[in-house]
Ligand code: UTP
């Protein structure tokens, strides 16, 4: 079955990026001139997704506004003539990239609970989950790489990368066996393992394709690490029962949920930016001399 629906959970509190996220969703933090969530939506659209549900909460109206039209702004840009034509086209285009839907997660009970809010949107189809604070930049969209694996094997797919032994305790850890190329089979996983519980250094980073059966499992999933309903715990039940796939996707992942990740994204995307790239490179070279 084709995967055409995606869910972007964006209802977290963003406590690691306070005070920036006191009233502004972290998913709206820009990388140079584009909010993180727009990069994520574009990745989904380039992967063949046509319908996107964004899970929001109180104070996340900014996200809805970003994917809507702004007649006053458009009128002003139109008046400005040919010089503003490209940006006008881009601004209008944002609202038409996909069919957008929004639902509120009424309490911040964890990523698993947030995904559970997508049940009626998803219905009986497989769907993609793109974590709202993980921006992945690469030639071949990461979500599309996972969708291809789903279409080949017909099982839930996890987007993974290797992380360091020192940091695995902050992520999930997967039990994997090589299958083909960058594809592994996955039969177990654990969220934020203590050193004696690490299964491997492969961790789920930001993307997965899930079958609709996940919703019944989520309904049964009790709060786990941090007292939150963990998506990893529900996926562990699925992996143990039916098996899942893990795809080590290509592309660079930026964690927009922490300060260092945000700075790395700014620098690397800034260096390749068509408008400011060359000037920014010269500036960085200059200040690096003094480091
Ligand atoms: P995180 O655990 O990184 O988000 O969830 P957080 O809770 O905002 O982070 P900190 O630790 O307080 O800084 C990953 C993704 O899941 C969403 C977040 O918005 C983020 O995009 N999320 C998390 C929800 O939508 N609802 C939740 O209850 C928790």
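Structure values in brief
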| read-out | value |
| --- | --- |
| Beta bridge orientation in region 134-291: antiparallel %, DSSP, nearest 5 | 85 percent |
| Ranked packing of 155-162, 26-33, most packed first, by mean Cβ within 10 Å | 155-162, 26-33 |
| Kirkwood Rh (inverse of mean 1/r, distinct Cα pairs), region 161-291, angstrom | 17.1 Å |
| Relative contact order computed over region 1-66 (Cα-Cα under 8 Å; 6+ residues apart), in percent | 50 percent |
| Antiparallel bridge percentage (DSSP; both residues within region 1-147; nearest 5) | 15 percent |
| CD proxy at 222 nm, helix term only [per DSSP H run n ≥ 4: -39500 (n - 2.57); per residue of the chain; nearest 500] | -10000 deg cm²/dmol |
| Cα convex hull of region 116-209 - mean projected area over all directions, nm² | 7.1 nm² |
| Percent of beta bridges antiparallel (DSSP, the chain, rounded to nearest 5) | 60 percent |
| For region 30-79 and region 204-279, distance of Cα centres in Å | 20 Å |
| Calculated P(r) tail over 33 Å for the chain, as whole % of Cα pairs | 23 percent |
| Rg ratio (alpha-carbon, reference 2.2 N^0.38 Å) - region 48-134 | 1.35 |
| Modelled label reach - residue 266, point 7 Å along Cα→Cβ, region 9-32 residues with backbone N closer than 17 Å | 16-22, 24-32 |
| Base-10 log of normalised Debye intensity for region 1-69 (one unit scatterer per alpha-carbon) at q = 0.11, 0.14, 0.27 Å⁻¹ | -0.28, -0.44, -1.30 |
| Relative contact order of region 1-111, pairs being alpha-carbon contacts under 8 Å that are 6 or more residues apart, as % | 35 percent |
| Cα-only Debye scattering, region 161-214: base-10 log of I(q)/I(0) at q = 0.23 Å⁻¹ | -0.91 |
| Dimensions in Å of region 1-147 - Rg and Dmax from alpha carbons | 15.9, 48 |
| Extension gain, residue 196 back to residue 284 (0.36 nm per residue minus Cα-Cα distance, nm) | 27.5 nm |
| Between 0 and 90°, nearest 10: helix 36-46 axis offset from the chain longest Cα axis | 70 degrees |
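Here, each number is a calculation from the coordinates, and none is a lab measurement. Remember, predicted model here, so these are calculated numbers, not experimental data. A quick note on method: Cβ atoms are made from the backbone with ideal geometry, for glycine too, and the neighbour counts reach across all protein chains shown.
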